[in-house]
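Take a look at the structure below.
Taken together, the values in this text are just the output of simple stated rules run on the coordinates, not laboratory data. Quick caveat, the model's predicted, so the values are computed rather than measured. As a convention, Cβ positions derive from the backbone with ideal geometry for all residues, glycine included, and neighbour counts pool all protein chains shown.
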Amino acid sequence: MVRRLVAVAYFLEAGLLLLILPWSRFWDRNFFVLHWPFLHAWLGNNFARGAVSGLGVVSVVAGVVELVPMVFGRSRPA
C-alpha cells in the first residue's frame, strides 16, 4: 500500500513538473542552455516543449489510474 502511494506521488509530481516546466522561464534559462547554446534552438522549439508536456500528461494519467482504485477500494488484478 505504501509502495503504491509513493508510486502515485512520484507519477503525479513528475507529471506536473513535466507539464509545467517547459513553458516556464526556467526552461529558457537553465544550466544546459547557458553553457551549450546549440541546445537553445532545440529546447526552445515548441514541438519539443509539447513533447515533454505530453510525457507529463501520460505520467499524470498513470498516477491517476493508480490512485483511483485505492480511493474507491477496488483491487487491481495482479
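In the range 1-11, the residue that is farthest from the chain's Cα centre (by Cα) out of those that are loosely packed, with under 12 Cβ neighbours inside 10 Å and part of a helix (DSSP H, G or I) is Val2.
Within the range 33-78, being exposed (fewer than 10 other Cβ atoms within 10 Å of the Cβ) and aromatic (Phe, Trp, Tyr) holds for Phe38, Phe47, Phe72.
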